[in-house]
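Read the figures in this text as sums done on the coordinates, not as results from a lab. Please read all numbers here as calculations on a predicted model, not as lab measurements. Cβ placement follows ideal geometry from the backbone for every residue including glycine, while neighbour counts extend to all protein chains displayed.
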Amino acid sequence: YIVALGMEGSANKLAIGVVTSDGTILSNLRHTYITPPGTGFLPRETAIHHQEHVHEMTKNALLEAGITDPAKQLDVICYTKGPGMGAPLNSVAVVARVISQLWNVPLIGVNHCIGHIEMGRVVCKADDPIVLYVSGGNTQVIAYSMNRYRIFGETIDIAIGNCLDRFAR
């Protein structure tokens, strides 16, 4: 089976995890950049947060997963390529590229939306989901058809995720 290190930093949450191709989650660490109430997170400050935490989190995710020699035990390093906030995405992508080169492990950029759907599919053991994808400013109806994910409907001006988030507050 394949062992992958995943790195996600598209917005205010930084996540580092190790998973296997059979769906076993060996580690799944997260750290959220939290701003004072009533303020939002800005790309620069969010990127600095990720830069401050990515090294320790990567080390701890590998340790929790029992990875002692990443160059030999990892088959691939995956990182969120987009969509998301440019500065935080770039901060994590740079780290992923550096460790990929240091350990001589292949690097794969992952679409943020597909990453969410695939993790949900693995965790829920869903073979052919139809998904209401709600993330930040994105709201989409997505399904798998003809060997690829297809967007059957979307809106950019009404973000259900942001609406639910504000309502909850």
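Once fully extended, how much extra length lies between Ile34 and Asp128, figured as 0.36 nm per residue of separation less the alpha-carbon to alpha-carbon distance?
On the way: separation 94, 0.36 × 94 = 33.84 nm, distance 3.52 nm.
Taking 0.36 nm per residue and subtracting the Cα distance, the gain is 30.3 nm.
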Exercise. Once you list every other residue whose beta carbon is under 12 Å from the beta carbon of Ile2, what net charge do they have if Lys and Arg are +1 and Asp and Glu are -1?
Worked result: -2
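About its Cα centre, how strong a charge dipole does the chain have in debye, to the nearest 20, once Lys and Arg get +1 and Asp and Glu get -1 at the Cβ? Before the final figure, lay out each step's value.
Working: 13 positive and 14 negative charges, 36 e Å.
Approximately 180 debye in magnitude.
Run the numbers for Ile2 and Ser21: contour at 0.36 nm per residue of separation, minus the present Cα-Cα distance, in nm. Don't skip to the end; give the middle numbers.
Working: separation 19, 0.36 × 19 = 6.84 nm, distance 0.50 nm.
Contour length minus Cα-Cα distance gives 6.3 nm.
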Exercise. Given the Cα-Cα distance of Glu56 and Arg148 and 0.36 nm per residue of separation, how much length would full extension add, in nm?
Worked result: 29.6 nm
Problem set entry | Of Pro106, Pro37, Pro83, the one that fluctuates the most in a GNM where the chain has Cα springs shorter than 10 Å | Pro37
For this session: Any chance you could check the Cα centroid distance between the range 2-63 and the range 85-117 for me, in angstrom?
Result: 11 Å
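For the range 71-130, take the convex hull of the Cα atoms, compute a quarter of its surface area, and give me that in nm², please.
For the range 71-130, the mean projected area of the Cα convex hull comes to 4.9 nm².
Stick to the Cα atoms of the chain, pair each with every other, and give me the Kirkwood hydrodynamic radius in Å at one decimal. Could you put the intermediate results ahead of the total?
On the way: mean 1/r = 0.0590 Å⁻¹.
Result for the chain stands at 17.0 Å.
Pick out, in residue order, every one of the trypsin sites (Lys or Arg not before Pro) in the range 56-133 that is DSSP loop and has at most 13 other C-beta atoms within 10 Å; say none if there are none. Each step should come with its number before you reach the end.
Numbers: sites: Lys59, Lys72, Lys81, Arg97, Arg121, Lys125; in loops: Lys125.
Hits after loop and neighbour filter: Lys125.
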